[in-house]
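Below is one structure; the comments refer to it alone.
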Amino acid sequence: MNPFALVGRFTIVFLSEIGRLAEFAAAAVPSIFVPPIYLRLTGQQMMRIGYYSLPVVGLTAFFTGGALALQIAVGTTFGAETLVPNVVVLGITRELGPVMAGLMVAGRVSAAIAAELGTMRVTEQIDALVTLSTNPFKYLVAPRIIAAVLTMPLLVAVADVIGVMGGWVVGTQSLGFNSAVYIHNTLDYMKDSDVISGLWKAAAFGFIIALMGCYHGYYSRGGAQGVGSATTNAVVSAAILILATNYAMTSFFFGAGR
Amino acid sequence: MTTPKIQLKGVTKRFGSKVVLDGVDLTVEAGESLVIIGGSGTGKSVTLKCILGLLTPDKGSIKVDGQEVTRLSSSAREQVNRKFGMLFQGAALFDSLPVWENVAFALIQGRGLGRSEAKKIALEKLAKVGLTKDVAELSPAELSGGMQKRVGLARAIAADPEIIFFDEPTTGLDPIMADVINDLIVKTVKDMGVTTLSITHDMVSARKIADKIAMLYKGKIIWCGPKSEIDRSGNEFVDQFIHGRADGPIKMEIVR
């Protein structure tokens, strides 16, 4: 095929996808604020998205914090006892806590949402909602977005604590640091603004995770295979958007001049 | 002359370059049972989805009780859809909810009824389609196809609609269960005095539930008349379809 035609076709597909996503988001966001708001469903989703993600997020944070402590200690001969807790608390609260939690929840939750909504689409359950005078955006999309935006910061707060603890465990058990000194150094270098910027990121990631899951599920087509590719696309696009948004937000919070 | 319950005029719908509906004209009078017959892919489902607002036609007008419904806001659409009940081909029950909540869905979400009161009504409607109390607590996935269809019917009639749509009500059922469903449809429709619009390619079912039959072919209504005249339609397309003959003016697009 003509390479120019290929580039053109790719551009058209890419732009129309962005347009469709923008249209979807424009319908989804107002549905969060306009009644009826389904509190029961939102509560259910908070359990599924937030609470049941705790083990995955906790384990990820623990090993990330531990590995970070180990990496920093290796080759540092002087002042490791100060440097390790410093880098661990800074790295976890600013970057690794939100990003690792975001990516893990994207894998778990975006996929689950896309599969559920996709199956509802191909079995006509979403059409059935409309015929029962229920707006699918309010009934399906809004509770998931609200739940993800509210629970992601909580998950990241937990990830921050467990991540720092991972560093502390490795520091005291394997590197032979003094526990009291480690904790003292950690608290010395922990800044409120770092933690809060991470929590803002978490809320944004929560929005991306739920939106991508809902979007790909809502528009899935063509039976089992369609639902399968919707699930894959949801996870991949959520992960990429999380990393891109993370960069944008980092440059906003910590950008030039600070 | 009374206003027709549903009136379609010149409804056109295309997907990409494929024209699915090519100017459909159709009128359903109040209290009438109209069945649209036609082969797979002739646009029967698309017609239904256009009336329900699940798809927007490219051209033409659709009126429900004299009200134009093709370009409605979503809240106005919800109001119109309150007049409708729909039985989906695959029943389309919500698998996250038990059977009774499926039936009570429109009552709880749409009418804001309390759960216990809605459950009472749901059990009544389930009894109407011959299902007992113990089925009410099951999840839809635990039911057979025929039972799912009956629950779907109970859900469609739960909020006392004025118009019920049936999308291939007997497809995928054994002949006996198909007849049970047909009888149920005829009985509920008679009891409730509603208007119905069904689509099917099952002629046994069509003859049983229809007052009037319309045939859709290549995106157009090519014949429409009372059920009693279907055998004397004088239309060779209709003749071929109702007798299920492979040879005739309708050519299946099969690559040999």
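The values are calculated or read from the model by the stated rules, or taken from the named source; none is laboratory data. What you are looking at is a predicted structure, and each value in this text was computed from that prediction instead of being measured. Virtual Cβ from ideal backbone geometry, glycine too; neighbours counted across all protein chains shown. These accessible areas exclude ligands, DNA and RNA; they are computed on the full protein's heavy atoms, side chains included. Shrake-Rupley method; radii C 1.70, N 1.55, O 1.52, S 1.80 Å.
Shown here are the Rg and Dmax of the Cα trace of chain B, at 18.5, 59 Å.
To the nearest 20 debye, what is the magnitude of the charge dipole of chain A about its Cα centre, counting +1 on the Cβ of each Lys and Arg and -1 on the Cβ of each Asp and Glu?
Its charge dipole is roughly 460 debye.
Take chain B with all the other protein chains still there, run a 1.4 Å probe, and you get 46 Å² of accessible area per residue. For chain A, the longest principal axis of the C-alpha atoms and the axis of helix A:54-73 are separated by about 40°. Each label point was placed 7 Å from the Cα along the Cα-to-Cβ direction; for residue A:37 and residue A:4 their separation is 5.4 nm. In summary, the lysines within cross-link reach of residue A:191, defined as a Cα separation below 24 angstrom excluding same-chain residues under 8 places away, comprise A:201. To the nearest ten degrees, helix A:3-33 and the longest principal axis of the Cα atoms of chain A are 90 degrees apart. Size of the protein assembly as shown from its Cα atoms: along the principal axes, largest to smallest, the extents are 101, 64, 43 Å. In the frame of its principal axes, the stretch A:78-214 has Cα extents of 69, 27, 18 Å, reported largest first. Around the Cα centre of chain B, unit charges on the Cβ atoms of Lys, Arg, Asp and Glu (plus for the first two, minus for the last two) sum to a dipole of about 540 debye. Peptide B:69-78 is shielded by partner chain Cβ atoms: per residue, an average of 2 of them sit within 10 Å of its Cβ. Span-like helix check, chain B: qualifying full DSSP H segments, with Cα axial length of 24 Å or more and mean Kyte-Doolittle of 0.5 or more, are B:175-192. Under the combined filter of DSSP loop state and at most 16 neighbouring Cβ atoms within 10 Å, the stretch B:10-79 retains these trypsin sites (Lys or Arg not before Pro): B:71.
For the stretch B:121-177, the set of GluC sites (Glu not before Pro) satisfying both a DSSP loop assignment and a count of at most 13 other C-beta atoms within 10 Å is given as B:137. Helix A:192-218 and the longest principal axis of the Cα set of chain A meet at an angle near 30°. For chain B, the relative contact order comes to 25 percent (Cα pairs under 8 Å, sequence separation of at least 6).
Annotation for the stretch A:61-91: chymotrypsin sites (Phe, Trp or Tyr not before Pro) lying in DSSP loop with at most 12 further Cβ atoms inside 10 Å of their Cβ are A:78. Roughly how many percent of the accessible protein surface of the stretch A:108-152 is carbon and sulfur, given a 1.4 Å probe and a whole-percent answer? So the carbon and sulfur contribution to the accessible surface is 67 percent. Rolling a 1.4 Å probe over the protein heavy atoms gives the stretch A:120-176 an accessible area of 30 Å² per residue. So which residue, out of A:93, A:82, A:231, gets the largest mean-square fluctuation from a GNM of chain A using Cα contacts under 10 Å as springs? Answer for the Gaussian network model of chain A: A:82.
Run lengths n ≥ 4 of DSSP H only: what is the helix-derived mean residue ellipticity at 222 nm for chain A, with -39500 (n - 2.57) per run over all residues, to the nearest 500? Estimated from H runs of four or more residues: -27000 deg cm²/dmol. Of the residues in the stretch A:113-143, those shielded by at least 30 Å² of accessible area once partner protein chains are present, compared with the chain alone at a 1.4 Å probe, are A:124, A:125, A:127, A:128, A:130, A:131, A:132, A:133, A:135, A:139.
Interface residues of the stretch B:87-112, defined as a loss of at least 20 Å² in heavy-atom accessible area between the chain alone and the complex of all protein chains with a 1.4 Å probe, are B:88, B:92, B:94, B:95, B:105, B:106, B:109.
Semi-axes of the equivalent ellipsoid for the stretch A:24-126, computed as √(5λ) from the eigenvalues of its C-alpha gyration tensor and ordered from largest down, come to 40, 15, 12 Å. If the cut-off is a Cα-Cα distance under 17 Å, which lysines reach residue B:251, setting aside same-chain residues fewer than 8 apart in sequence? Cross-link targets: B:218, B:220. Each other residue within a Cβ distance under 12 Å of residue A:159 adds +1 if Lys or Arg and -1 if Asp or Glu, for a net charge of -1. I'd like the distance separating the alpha-carbon centroids of the stretch A:1-32 and the stretch B:140-166, in whole Å. Between the Cα centre of the stretch A:1-32 and that of the stretch B:140-166, the gap is 38 Å.
The interface between chain A and chain B buries about 1700 Å² of solvent-accessible area in total (1.4 Å probe, ligands and nucleic acids excluded). Taking the 1.4 Å solvent-accessible surface of chain B as the whole, the part contributed by carbon and sulfur is 51%.
Near residue B:187: Cβ cut-off under 14 Å, other residues only, Lys/Arg at +1 and Asp/Glu at -1. The net charge is +2.
Remark on chain A: Rg and Dmax equal 21.2, 70 Å (Cα only). Mean sequence separation of contacting Cα pairs (under 8 Å, at least six apart), scaled by the length of the stretch A:3-254, corresponds to a relative contact order of 32 percent.
Find which of B:249, A:47, A:147 sits farthest along the positive direction of the dipole of the protein assembly as shown, computed with +1 on the beta-carbon of Lys and Arg, -1 on that of Asp and Glu, about the Cα centre. The one lying farthest along the dipole's positive direction is B:249.
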